[in-house]
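Accompanying notes for the structure given below.
None of the figures in this text is laboratory data; all of them are computed from the coordinates on show. Note that the coordinates shown come from a computational prediction; the quantities given were computed from them, not determined experimentally. Backbone-built Cβ (ideal geometry, glycine too); neighbour counts: all protein chains shown.
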Amino acid sequence: MDTATLATDLLDLTLADALEALKAKKISATELTEAYITAMEGGRALNAYTTETPDKAREMAKASDARLAKGEAGLLEGIPLGIKELFCTEGVETNAGSKILKGFVPPYESTVTQNLWDAGAVMLGKLNMDEFAMGSSNETSAFGPVANPWRAQGSNGTFTPGGSSGGSASAVAGLMCLGATGSDTGGSIRQPAAFTGTVGIKPTYGRCSRFGMVAFASSLDQAGPITRTVKDSALMLQAMCGHDEKDSTSLTAEVPNFAASCGKSIKGMKIGIPKEYRMDGMPAEIETLWSQGIAWLKDAGAEIVDVSLPHTKYALPCYYIIAPAEASSNLARYDGMRFGYRAEGKTLAEVYQNTRSEGFGEEVKRRVMIGTYVLSAGYYDAYYLRALKVRRRIAQDFDEVFKSVDALLTPSTPSAAFQLGERSADPISMYLNDIFTVTGNLAGLPGISVPAGLDAQGLPLGLQVLGRALDEETVFAVGSALERAAGFAAKPEKWW
Ligand code: GLN
């Protein structure tokens, strides 16, 4: 085989396939990593990577090969991954997509990435994202928008890969890594996965340590993987999660073997269809996709049950009070003194002011202002406290339905990917992207997005499975049943 064909074949392997090929010594970690370095460097038009670390990747692959030779393979031995810009990586710039953190090189490693390296994974580089993970299209990044490898049929227009983990989704869909880390505060793993024909899971709040993740809204933020298949997600999540004493919200629960749930029968399982997720004005193709998903699960032996989550309509407004409130507090630390960007000023107050007005982008400033407002004296009770009570109600809705169903099936997003620029001037229409995903964050529940079909323009659409807290196993079982039934094999045509 000539090297070009070999390289393409290597890129076609899923993460699970690659692990087997590595263990069987059919390929080496070095070969695999070289193929991905070439793909990453050839994919710069997508702007998915903000920092490339090929030297580090080669070094890590070499160490992996040495361990493989000794039969000491870790869970992700030799697997090349991309890392979202908000995971602190020791010695490698971590900017969270913001000008205010440009040039910030962390002196320590996040727990999630450390877990991945301990499992033998190889770092290819850092991935672009919406600034501080605030956005749904990757257009709020200070380092330029990311392009979706997918295009609409017969169009040259550039589509968003979604956000905020847009770089992660684009790199996975564009075959520029075998998997990528993402983070999900209101949908930032699941929405980009849906927009790019990839799989994304947000685990139960507390499964992954938040230590070393740049904080957006601490009570909602959760890390998770974006991969090509459900099994790949299970394998990657396995390595990412686990208890960490450096994060007080990290759970001590046992981590089950997630991959063992993939492909498991869902016969007799009860799947709830929440009626409130049938939104007014929802495009017909989303409705059709959802019905298709219901039929697939029925065929696989599941029992479909109509359920009600009555507080769903308050989820988005509730999220857009709580998330900015927490963000305004978390972002107070960026004052030009400790990290990254510092502007000039005649007085200390002026330095603070100039640093923050020049260093933060528009969306971040909007959130800081909303957050400060809802937390201020006189408004705290009316907005923030009220939102916390609504959040509790939303969680109770889920507690109630999970007494009688094992999982819920919903669309992942209310539409397919849109073109860059199409919604950036209208924050409300941008916020609507999260309508089906924020509930999972508010209640702390695990949710997966699985590619399920294409819209009329040939763009991917995803279905979401939500599960009980700490029951990722059911989420993976139902997700892989959907994956099997959908047989989603479409790929973006390479134009970059
Ligand atoms: N799009 C949502 C927001 O802008 C969610 C982002 C996220 O999950 N990080 O807040």
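Numerical summary
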read-out	value
Contact order normalised by residue count of segment 335-400, Cα under 8 Å, 6+ apart, percent	17 percent
Per-q log10 I(q)/I(0), segment 71-213, q = 0.09, 0.10, 0.12, 0.13 Å⁻¹ (Debye; single scatterer per alpha-carbon; no solvent)	-0.25, -0.31, -0.45, -0.53
For segment 145-195, diffusion coefficient by Stokes-Einstein and Kirkwood Rh (Cα), 10 °C, 1.306 mPa s, µm²/s	145 µm²/s
Distribution of pairwise C-alpha distances over segment 323-411, 10 Å bins, in %	15, 30, 23, 19, 9, 3, 0
Spin-label pair ARG333/GLU20, simplified geometry with 7 Å Cα→Cβ offset, distance in nm	4.3 nm
Point-to-point label distance, ARG366-MET279, nm (Cα→Cβ direction, 7 Å offset)	1.6 nm
Rounded to the nearest 20 debye, dipole of segment 75-153 from Cβ charges on Lys, Arg, Asp, Glu	280 debye
Packing-based ranking, highest mean first, of 469-475, 368-374, 159-165 given that Cβ atoms within 10 Å are counted	159-165, 469-475, 368-374
Estimated FRET transfer efficiency (ASP381, GLU303; beta-carbon r; R0 51 Å; 0.05)	0.70
Relative contact order of segment 166-252, defined on C-alpha pairs under 8 angstrom at six or more residues apart (%)	31 percent
Cα-Cα separations in the chain greater than 33 Å, expressed as whole percent	33 percent
As computed over segment 103-185, the Cα convex hull volume per residue (Å³)	111 Å³
Relative contact order of the chain, pairs being alpha-carbon contacts under 8 Å that are 6 or more residues apart, as %	18 percent
Segment 217-331 - Rg and Dmax from Cα coordinates, angstrom	18.3, 48
Separation of the SER265 and SER218 label points, Cα + 7 Å toward Cβ, nm	4.7 nm
Cβ charges +1 (Lys, Arg) and -1 (Asp, Glu), total dipole of segment 417-483, debye	80 debye
Subset of LYS264/LYS494; LYS26/LYS264; LYS270/LYS389; LYS23/LYS56 violating a 25 Å alpha-carbon distance limit	LYS264/LYS494; LYS26/LYS264; LYS270/LYS389
Volume of the Cα convex hull of segment 1-140, divided per residue and given in Å³	115 Å³
For segment 45-112, alpha-carbon Rg over 2.2 N^0.38 Å	1.29
Isotropic mean projected area of the C-alpha convex hull, segment 358-463 (nm²)	9.5 nm²
Theoretical gain in end-to-end length, LYS70 to GLN457 [0.36 nm per residue, Cα-Cα removed]	134.3 nm
Cβ charges +1 (Lys, Arg) and -1 (Asp, Glu), total dipole of the chain, debye	560 debye
Those residues of segment 357-386 whose amide nitrogen sits under 18 Å from the label point placed on ALA343, 7 Å along Cα→Cβ	357-370
Of all DSSP beta bridges in the chain, antiparallel share, percent nearest 5	65 percent
Span per principal axis, largest first, for the Cα atoms of segment 281-439 (Å)	69, 38, 27
